[in-house]
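See structure below.
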Protein chains: 2
Amino acid sequence: MNFVEVIARKRDGSELSADDVGAFVRGASSGQVADEQLAAMLMAICIRGASRGETRLLVEAMRDSGALWKTGEAFPDAVDKHSTGGVGDTVSLVFAPLVAACGVPVVMMAGAGLGHTQGTLDKLAAIPGFRTAGSRAEAFDHLARCGAFFAAQSQEIAPADRKLYLLRDVTATVPSLPLIVASIMSKKLAVGARRLVLDVKCGSGAFCKTPEEARALAEALVGVGEGAGVAVAAMITDMSQPLGDRLGCASEVRAAVEVLGGGGDARLRQLTVELAADALRMAGRPRSAALAEVERALANGSALARYGEIVRAHGGDPDVARLPRPRRTIPVGAPRDGFVAAIEAEALGWIAVGLGAGRQRQGDQVDLAAGVKVQARTGDMVEAGQPLATLELGERPVDVETMAARAAAAFRIADERPPAAPLVIARLGGAA
Amino acid sequence: MNFVEVIARKRDGSELSADDVGAFVRGASSGQVADEQLAAMLMAICIRGASRGETRLLVEAMRDSGALWKTGEAFPDAVDKHSTGGVGDTVSLVFAPLVAACGVPVVMMAGAGLGHTQGTLDKLAAIPGFRTAGSRAEAFDHLARCGAFFAAQSQEIAPADRKLYLLRDVTATVPSLPLIVASIMSKKLAVGARRLVLDVKCGSGAFCKTPEEARALAEALVGVGEGAGVAVAAMITDMSQPLGDRLGCASEVRAAVEVLGGGGDARLRQLTVELAADALRMAGRPRSAALAEVERALANGSALARYGEIVRAHGGDPDVARLPRPRRTIPVGAPRDGFVAAIEAEALGWIAVGLGAGRQRQGDQVDLAAGVKVQARTGDMVEAGQPLATLELGERPVDVETMAARAAAAFRIADERPPAAPLVIARLGGAA
């Protein structure tokens with residue numbers, strides 16, 4: 001097959017065949033199609049879009065480009081969880097021990113931080129000694145022993161996605177719904193849990209800026225999952241401000257442990273409880289029983305105990321006192337009296353990255369102690385000088401004044417209290 | 001500048017700034033923008049298009065990526081000629097000596113064959129000893145001594161175009177009007193003649209299949225040329241069948257010499273005379289006087305004599321007896337009585353390439369003796385068995401029966417004579 005002709009078909013808006021999609025995806029993972037040809041195809045898909053059929057073909061071809069873990073065969077009840085990426089989103093670190101404590105096995109393929117968000121993989125690196133599962137056998141062993149595993153997204157799972165993702169990042173083809181769906185779902189289906197809890201973020205800090213965009217993405221993800229025999233419960237949730245009150249690796253581990261201990265940030269707690277209840281409902285519990293069971297696990301210490309077991313199973317030390325701490329903290333005060341009308345989550349995310357909590361380019365070292373603590377939330381009344389946030393500095397030298405000014409500018413102060421926005425905007429799939 | 005942001009602007013259909021276009025073109029010629037990023041940008045331009053302003057910026061940036069010959073400063077009357085590429089199009093080899101014999105200097109930047117067409121550079125290689133001008137100094141010396149030069153498109157002229165062209169070829173981004181305009185005009189403006197004669201082909205054997213497409217391309221080329229202070233005379237001409245009756249390198253040189261000697265193929269002769277008359281009109285002659293002067297140069301032997309001078313100046317031997325000859329010829333007979341209703345020029349072009357007269361991939365050796373002789377033209381009455389064409393075989397081993405069957409299939413035989421189609425479909429710019 002001449003791959004130029006395949007590119008030309010998508011360029012002209014024609015429907016790609018299974019052979020066309022196969023040539024594209026196999027060409028990506030084998031290296032037989034040149035990077036410039038893959039890039040041209042990605043841009044054609046980005047602009048022309050892809051039908052449901054083409055998206056399904058993409059997902060299947062990318063899934064089949066690597067190993068299939070078939071987790072659902074060994075653990076039929078196992079649930080996978082995915083978030084489309086937000087700021088201060090520490091849900092995974094709470095969700096896994098919480099749901100496992102309720103008797104439902106949890107699969108966690110963790111990724112590194114991307115853009116303005118911090119990745120679960122980087123947060124886990126803040127836990128002394130923690131090693132993600134390095135193989136299917138090790139992951140399944142963790143799952144059998146403590147009900148959850150954390151594994152790093154590896155070359156073994158959907159290698160075509162890895163190749164295409166690196167290209168998308170440099171060719172302005174990241175924001176394409178079918179490519180996003182294919183990237184997420186190919187990996188989920190390759191790991192092979194039969195249940196999936198999805199958190200689609202919506203708002204200024206997320207890829208989907210509007211509820212319409214978030215709904216389109218959520219529907220596509222649910223459609224592909226259910227089409228492949230996976231039960232999917234999806235929520236569209238608010239990312240018009242950071243989810244939790246901490247941004248940064250060690251800081252977010254601390255935030256997770258606080259929630260697991262029965263306290264913690266209210267919004268982080270609420271969303272994790274909702275998602276965990278969905279996971280329990282998919283395992284057969286009625287909704288009211290599911291919510292009660294999740295709350296009980298937080299209240300009676302079993303979730304926190306399970307966190308310790310999971311961390312130790314992965315070679316880590318669950319003692320929060322041993323987490324890295326910031327070298328210095330810089331308070332950011334409110335410029336005037338008023339109400340917090342909005343918080344630019346993406347801007348705060350980039351500030352945390354600038355302090356060292358994420359990567360500005362591939363290969364950058366992450367500073368585990370760096371981050372931002374958010375001390376005023378949307379709707380809060382503040383007085384001039386009252387701390388809106390605190391910059392947590394690690395080892396990286398930064399221009400403190402510029403960073404503090406940028407952080408202050410991320411908070412919009414108004415004279416009137418803004419209307420309250422719901423955290424869970426909509427539910428789709430098995431949770432609807 | 002972050003080039004991903006530039007790609008994103010074109011992806012979303014925004015207007016590119018001069019800085020954006022400069023980053024793209026300089027990135028291409030310097031190698032500082034990766035091939036996959038250039039490819040994504042090319043596809044975005046191919047699908048989204050480009051405004052007149054963006055096209056002008058592209059042309060200027062690509063022109064300025066290499067040397068500027070400023071031919072018009074040394075030779076204000078010099079005329080350049082360009083064809084968008086057709087089958088059996090031997091015009092350049094006739095035009096240069098013919099126009100030079102009429103006292104107007106001719107600039108010829110010759111390219112290698114591409115796709116199903118044969119290139120002037122390959123045809124010149126059939127002339128024993130012929131060496132294209134290797135530098136501006138040598139080209140200007142030829143121009144001063146014999147009124148014309150042939151130079152090979154070099155790395156020196158518009159290197160950004162060379163880089164982008166190679167990428168377009170493998171990324172299905174060749175058929176983009178602004179990219180075609182930029183590729184053609186950047187090179188023309190870098191050579192810098194102040195007058196340009198354009199032949200925009202239209203029909204089954206050309207890039208532009210319809211008169212509307214050809215008109216859009218011609219208008220864009222004229223617009224960019226005139227905007228840069230170059231007088232442009234453009235014709236849209238018929239490529240629904242091969243222009244001349246010969247396809248192949250040595251064979252087309254012979255066809256050119258026949259026309260220069262006062263005979264030759266009627267269609268090749270007619271089009272060359274029209275284009276040459278345009279060149280003379282741009283140099284100030286009234287239309288009737290221009291046509292008469294061109295006809296006189298063909299009739300009195302001065303054009304043929306000038307051909308000998310130009311070939312000798314380039315180190316070549318003008319004796320046609322010394323041109324390579326086919327090793328073997330295979331006649332292709334008409335399958336039945338009737339009229340030639342259509343000739344698929346592109347199919348015949350690919351057959352000639354298959355015999356060795358062109359390149360199936362970059363770096364292929366061209367067989368100078370191979371080609372196709374067309375013996376029946378659209379509108380001709382033919383009897384079963386009468387030769388429609390003759391395959392001229394060189395050294396390359398070919399499946400003769402398959403080739404002959406493909407050649408016969410390129411001629412559509414009907415019961416009725418088709419309506420006559422004009423050779424010159426329209427005129428634009430200085431010639432309108």
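The values are calculated or read from the model by the stated rules, or taken from the named source; none is laboratory data. Here the structure is a predicted model, which is why all the values come from computation and not from measurement. FYI the Cβ positions are ideal-geometry reconstructions off the backbone, even for glycines, and counts take in every protein chain you see. These accessible areas exclude ligands, DNA and RNA; they are computed on the full protein's heavy atoms, side chains included. Shrake-Rupley method; radii C 1.70, N 1.55, O 1.52, S 1.80 Å.
Values for this structure:
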read-out	value
Subset of the range A:330-377 (residues that are out of contact with any Gly (no Cβ under 8 Å at 6 or more places or on another chain), more than 17 Å from A:Leu393 (Cβ to Cβ) and among the small types (Gly, Ala, Ser))	A:Gly338, A:Ala341, A:Ala342, A:Ala347, A:Gly363, A:Ala376
Output for the range B:193-208, where each listed residue is open to solvent by 10 Å² or more (accessible area, probe 1.4 Å), under 18 Å from B:Val87 (Cα atoms) and touching a Gly at 6+ places or on another chain (Cβ under 7 Å)	B:Phe207
Qualifying residue in the range A:303-315 (condition: more than 24 Å from the chain's Cα centre (by Cα), of a type in the set (Ser, Thr, Tyr) and either surrounded by fewer than 15 Cβ atoms within 10 Å (Cβ to Cβ) or assigned by TED's automatic domain parsing to the domain that holds A:Arg145 (or both))	no
Selected residue [closer than 25 Å to A:Asp12 by Cα and at pLDDT 95 or above] from B:Leu93, B:Leu38	B:Leu38
Search result, residues across the range B:2-34 that are among the charged types (D, E, K, R) and open to solvent by 50 Å² or more (accessible area, probe 1.4 Å)	B:Glu5, B:Arg9, B:Asp12, B:Glu15, B:Asp19, B:Arg26
Matching residues, the range A:151-173, being under 22 Å from A:Lys123 (Cβ atoms) and either of a type in the set (Gly, Ala, Ser) or under 16 Å from the mean Cα position of the chain (by Cα) (or both)	A:Ala151, A:Ala152, A:Gln153, A:Ser154, A:Tyr165
Yes/no for B:Arg361 being farther than 18 Å from B:Thr90 by Cα, basic (Lys, Arg) and in contact with a helix residue (DSSP H, G or I) (Cβ under 6 Å, 6 or more places away or on another chain)	no
Test: residue in the range B:367-385 that is exposed (fewer than 14 other Cβ atoms within 10 Å of the Cβ) and without any contact (Cβ under 8 Å) to a residue 40 or more places away in the chain	no
Qualifying helices (runs of 4 or more DSSP H) (wholly inside the range B:1-94; at least 1 residues being of a type outside the set (D, E, K, R) and within 14 Å of chain A (Cβ to nearest Cβ))	B:3-11, B:18-30, B:35-48
Residues of the range A:316-348 satisfying the condition of being open to solvent by 20 Å² or more (accessible area, probe 1.4 Å) and over 20 Å from A:Gln386 (Cβ atoms)	A:Asp317, A:Pro318, A:Asp319, A:Val320, A:Ala321, A:Arg322, A:Pro324, A:Arg325, A:Pro326, A:Arg327, A:Arg328, A:Glu346
Failed item, numbered, when B:Leu298 is tested on (1) part of a helix (DSSP H, G or I); (2) on the phi > 0 side of the Ramachandran plot	(2)
Strands (runs of 3 or more DSSP E) within the range B:325-388 that include 3 or more residues closer than 22 Å to B:Pro419 by Cα and either in contact with an Asp or Glu (Cβ under 7 Å, 6 or more places away or on another chain) or not assigned by TED's automatic domain parsing to the domain that holds B:Gly244 (or both)	B:338-343
Selection status of A:Leu16, out of contact with any strand residue (DSSP E or B) (no Cβ under 9 Å at 6 or more places or on another chain) and under 27 Å from A:Arg136 (Cα atoms)	no
Test set (1) open to solvent by 30 Å² or more (accessible area, probe 1.4 Å); (2) touching a residue at least 60 places away in the same chain (Cβ under 8 Å) - B:Gly49 fails condition number	(1)
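Per-residue answers, yes or no, for (1) in contact with a Pro (Cβ under 8 Å, 6 or more places away or on another chain); (2) aliphatic (A, V, I, L, M):
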residue	(1), (2)
B:Thr117	no, no
B:Leu121	no, yes
B:Arg131	no, no
B:His142	no, no
B:Gly147	yes, no
B:Ala151	no, yes
B:Ala158	no, yes
B:Asp161	no, no
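The rows are residues; the columns are (1) in a helix (DSSP H, G or I); (2) open to solvent by 10 Å² or more (accessible area, probe 1.4 Å).
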{"site": "A:Glu212", "(1), (2)": "yes, yes"}
{"site": "A:Ala216", "(1), (2)": "yes, yes"}
{"site": "A:Ala233", "(1), (2)": "no, no"}
{"site": "A:Pro242", "(1), (2)": "no, no"}
{"site": "A:Ser251", "(1), (2)": "yes, no"}
{"site": "A:Glu258", "(1), (2)": "yes, yes"}
{"site": "A:Arg281", "(1), (2)": "yes, yes"}
{"site": "A:Arg285", "(1), (2)": "no, yes"}
{"site": "A:Glu293", "(1), (2)": "yes, yes"}
